[in-house]
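No value in this document is a laboratory result; all are computed from the given coordinates. Predicted model, so just to flag it, every value in this text is computed and none were measured. All Cβ positions, glycine included, derive from the backbone under ideal geometry; neighbour counts span all protein chains shown.
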Amino acid sequence: MMRTRPLKVALLGCGVVGSEVARIMTTHADDLAARIGAPVELAGVAVRRPDKVREGIDPALITTDATALVKRGDLDVVIEVIGGIEPARTLITTAFAHGASVVSANKALLAKDGSALHAAAVEHGQDLYYEAAVAGAIPLLRPLRESLAGDHVHRVLGIVNGTTNFILDKMDSTGAGYQEALDEATALGYAEADPTADVEGFDAAAKAAILAGIAFHTRVGIDDVHREGMTEVTAADFASARAMGCTIKLLAICERGADGSSVSARVHPAMLPLSHPLAGVREAYNAVFVESEAAGRLMFYGPGAGGAPTASAVLGDLVAVCRNRLAGATGPGESAYAGLTVSGMGDVVTRYHISLDVADKPGVLAQVATVFAEQGVSIDTVRQQGRGDGSGEASLVVVTHRAPDAALSSTVEALRKLDTVRGVASIMRVEGE
């Protein structure tokens, strides 16, 4: 039997994502009601610019007073898609205190204060769902939290930012430089006017924190994530990658330590073998590769951003929260029982691809090999080639075996001090092997 009294939903923000949420709620109202077991009613929409025409939304629902809206006391669910830390954080906790569950797409806030928000939800007996915060339309958090709840996840490796993947894909496929590829991404609407959050890895780092916390049942905050951007990646790096049978991706990597007692989370560009499933992710698409004990290797792929894809994930959460509401229950909250140690980047075991400009004379390779040996880093392959331009210099490329990142960093610093090393042209981690 369907309940006739509607569940009341407030929408905070009506931009690209919020307007799509409102549209789907209206155009698919009957389907949503059938799936939930009760109709849902858009009870209010908080915006900053009330005079803007919003097609399909009753102007009487528009308000600039978001605080008053979430304090109404008759709301069942608040959907927060305004982003940022404040006022989103205060509005969400206020919604909990006034009897509403929350669906959010706010990755930055969840990465910074997710634990506190979960605690506030539990205190007031409400739900906090945020599938849309990490990978747009891709169902990822719910499979990690529920479908793999009986499994043991070892590693989560993903492309979680469409802008950076578009730029790197264009650099790889067309030979374009970074700025040229960024200009194309901007012209096509994939990159913001200020792309810093994307290209410097801040967006991916927030998503990595959320993923690590859910996958490893451990509180991981944004400050725990090692972050490097991809603005220094060059056409020469792609040439080196191709010589190794690799491409370059900006990766979010969350993994357990070798003994299982620690976890790390990091974001940085890396060389990835062309045989790896993530290497074939093109354009602005996202994909996340999960390695677990029982299920083995799983990959989740799809559009990771955009109004309609993100709204799809928001509406999926809305249906789940409304069903919980009708059942008088709440869904799974924060799971942090494992309490694993969060390791710094220095403890992470990885591989390096190092390109050096060196003097083209006997004994240079021996000096370089000695530095690696002194730091306890084993060399996998070496490739040296003279420039042939009369400069007396050569290019020396060294690929290491796996070693602690701290040892690899120390090796690079020691190499810089050699008289025969004219410069360190490129340093790139190698993943996925």
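List the GluC sites (Glu not before Pro) in the range 1-74 that DSSP assigns to loop (not H, G, I, E or B) and whose Cβ has at most 16 other Cβ atoms within 10 Å. Which are they? Provide the component values of the computation, followed by the final result.
Numbers: sites: E20, E41, E55; in loops: E55.
When the GluC sites (Glu not before Pro) of the range 1-74 are filtered for loop state and at most 16 Cβ neighbours within 10 Å, E55 remain.
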### Task
Report the dimensions of the range 152-303 along its three principal axes from the alpha-carbon atoms, largest first, rounded to Å.
43, 32, 25
### Message
I'd like the distance separating the alpha-carbon centroids of the range 169-202 and the range 106-127, in whole Å.
### Response
33
### Query
How big is the C-alpha Rg of the range 348-430 next to the rule-of-thumb value 2.2 N^0.38 Å, as a ratio?
1.03
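Based on the Cβ-Cβ distance from R5 to A119, what FRET efficiency comes out when R0 is 30 Å, to the nearest 0.05? Each step should come with its number before you reach the end.
Numbers: r = 30 Å, r/R0 = 1.02.
Taking R0 as 30 Å, the efficiency between R5 and A119 is 0.50.
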### Query
Highest mean first, what order results for 103-112, 325-334 on Cβ atoms within 10 Å?
103-112, 325-334
### Summary
From the Cα centre of the range 352-383 to that of the range 204-273, the distance in Å is 25
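Can you give the helix-only mean residue ellipticity at 222 nm for the chain, where every DSSP H stretch with n ≥ 4 adds -39500 (n - 2.57) and the sum goes over all residues, rounded to the nearest 500 deg cm²/dmol?
Values: 14 runs with 151 residues, N = 433.
Taking each H run of at least 4 residues, the total per residue is -10500 deg cm²/dmol.
Using Cα-Cα distances under 8 Å and only pairs 6 or more residues apart, what relative contact order does the range 348-430 have, in percent? List each step's numbers first, then the result.
Numbers: 157 pairs, mean separation 41.1, N = 83.
Rounded, it is 50 percent for the range 348-430.
Taking a cut-off of 37 Å, what percent of all Cα-Cα pairs in the chain are separated by more than that? Before the final figure, lay out each step's value.
Values: 29498 of 93528 pairs.
Cα-Cα pairs in the chain separated by more than 37 Å: 32 percent.
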#### Entry: Computed lengthening from V382 to D357, 0.36 nm per intervening residue step minus Cα-Cα distance
7.7 nm
### For the chain: relative contact order, % (alpha-carbon pairs under 8 angstrom, 6 or more apart)
16
